[in-house]
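Chemist: Take a look at the following structure, please.
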Amino acid sequence: MIITYFVHSTTTDNESGVVTGWEDSPLSEKGNKQAAELHSLTADHPFDVVISSDSGRAIETATIAFKPLFLMTDWRLREINYGKYSKQPSHTVKSDLTKYINSPFPEGESYDDVLTRMVSLISDIKKYHQGKSVALVAHQAPQLALNVLIHGKTWEQAFQEDWRKTHAWQPGWTYEI
């Protein structure tokens with residue numbers, strides 16, 4: 001089964017350089033344009049199921065990009081909960097993510113917590129959407145968790161090879177489960 005993973009478009013918090021986590025931030029003007037462009041880039045690949053994080057920025061992206069007749073949302077696709085670091089400068093919060101692999105952000109969660117959520121989600125996708133073309137629209141941490149879960153990477157490898165560091169964005173990443 002193939003899942004195609006899409007990250008939400010640029011938000012006002014992204015442009016301000018702060019982490020959002022479980023808080024929310026609307027798409028910026030640039031983000032709205034990106035979502036419309038993603039619609040054009042994926043128009044020739046209809047998805048049977050579109051599942052979005054329950055955050056507004058992911059729902060906005062999915063609605064613009066895929067115009068699904070029925071959009072499913074799932075809290076398990078949320079970004080990592082940065083706890084008391086939400087809305088803080090990204091360069092400070094993300095300076096050493098390895099500290100939060102097993103230990104949660106203060107008043108938040110760990111990357112292993114995100115992995116646990118994704119294991120549960122993938123199990124349900126296999127159970128309820130087998131044989132369907134599935135699009136997921138979410139955030140950085142769940143995508144990194146998929147790289148750990150499906151591609152067998154360590155968290156350290158996932159952080160180092162993250163497309164955000166290598167500037168290798170693409171209009172969707174495929175994962176075979």
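The values are calculated or read from the model by the stated rules, or taken from the named source; none is laboratory data. Every value quoted in this text rests on a predicted model; they were computed, and no experiment measured them. Virtual Cβ from ideal backbone geometry, glycine too; neighbours counted across all protein chains shown. Heads up: the accessible areas ignore ligands, DNA and RNA and are worked out on the full protein's heavy atoms, side chains in. Shrake-Rupley method; radii C 1.70, N 1.55, O 1.52, S 1.80 Å.
Chemist: Return the label of the correct value of percent of Cα pairs over 27 Å apart, as calculated from the structure shown, out of [x] 26; [y] 21; [z] 41.
Modeler: Correct label, based on the coordinates given: [y].
Chemist: In the Gaussian network model of the chain, springs joining C-alpha atoms below 10 Å, which of 65, 138, 158 carries the largest mean-square fluctuation?
Modeler: Ranking 65, 138, 158 by mean-square fluctuation puts 158 first.
Chemist: Carbon and sulfur: what percent of the chain's accessible surface (1.4 Å probe)?
Modeler: Roughly 51 percent of what the probe reaches on the chain is carbon or sulfur.
Chemist: Note down the nm distance, to one decimal, between modelled labels 7 Å out along Cα→Cβ at residue 48 and at residue 157.
Modeler: Modelled inter-label distance: 3.0 nm.
Chemist: To check you understand DSSP bridge types, tell me what percent of the beta bridges within the chain (both residues inside) are antiparallel, rounded to 5.
Modeler: Rounded to the nearest five, the antiparallel share is 35 percent.
Chemist: How large is the dipole of region 1-113 about the Cα centre if only Lys and Arg carry +1 and Asp and Glu carry -1, each at its Cβ, rounded to the nearest 20 debye?
Modeler: It comes to approximately 160 debye.
Chemist: Sorting check: for 139-146, 110-117, 21-28, which peptide has the highest mean count of neighbouring beta carbons within 10 Å, and how do the rest follow?
Modeler: Put in order of decreasing packing, that is 139-146, 110-117, 21-28.
Chemist: State whether region 51-130 is rounded, prolate or oblate according to the following rule on the C-alpha gyration tensor (a ≥ b ≥ c being the square roots of its eigenvalues): a/c under 1.5 gives rounded; otherwise a/b larger than b/c gives prolate, and the remaining case gives oblate.
Modeler: Oblate, since a/c reaches 1.5 and b/c is not below a/b.
Chemist: Where does each of 98-107, 39-48 land if you order them by average Cβ count within 10 Å, highest first?
Modeler: Highest-to-lowest ranking by the protection proxy: 98-107, 39-48.
Chemist: As a test of the formula, what do you get for the chain when each DSSP H run with n ≥ 4 contributes -39,500 (n - 2.57) and the sum is divided by the residue count, at 222 nm and rounded to the nearest 500 deg cm²/dmol?
Modeler: The helix-only estimate for the chain comes to -12000 deg cm²/dmol at 222 nm.
Chemist: If you take the charge dipole of region 1-89 about its Cα centre, with +1 on Lys and Arg Cβ and -1 on Asp and Glu Cβ, which of 25, 42, 86 is farthest toward its positive end?
Modeler: 86
Chemist: Return the whole-Å distance between the Cα centroid of region 31-64 and the Cα centroid of region 67-123.
Modeler: 20
Chemist: Quote to one decimal, in nm, the extra length available between residue 91 and residue 126 on full extension: 0.36 nm per residue of separation minus the C-alpha distance between them.
Modeler: Answer, rounded to one decimal: 9.0 nm.
Chemist: Something else: What does the C-alpha gyration tensor say about the overall shape of region 77-177? Classify as rounded when a/c is under 1.5, otherwise prolate if a/b is larger than b/c, or oblate.
Modeler: Judged from the Cα gyration tensor, region 77-177 comes out prolate (a/c at least 1.5, a/b above b/c).
Chemist: Turning to a different aspect of this structure: With every protein chain kept in place and ligands, DNA and RNA left out, what is the accessible area per residue of region 75-169? Probe 1.4 Å, answer in Å².
Modeler: 50
Chemist: How much area per residue is accessible in region 18-73 when the probe is 1.4 Å and only protein heavy atoms are counted (Å²)?
Modeler: 52
Chemist: Given a cut-off of under 8 Å on Cα pairs at least six residues apart, what relative contact order in percent is computed for region 40-165?
Modeler: Taking the mean separation of contacting Cα pairs over the length of region 40-165, I get 31 percent.
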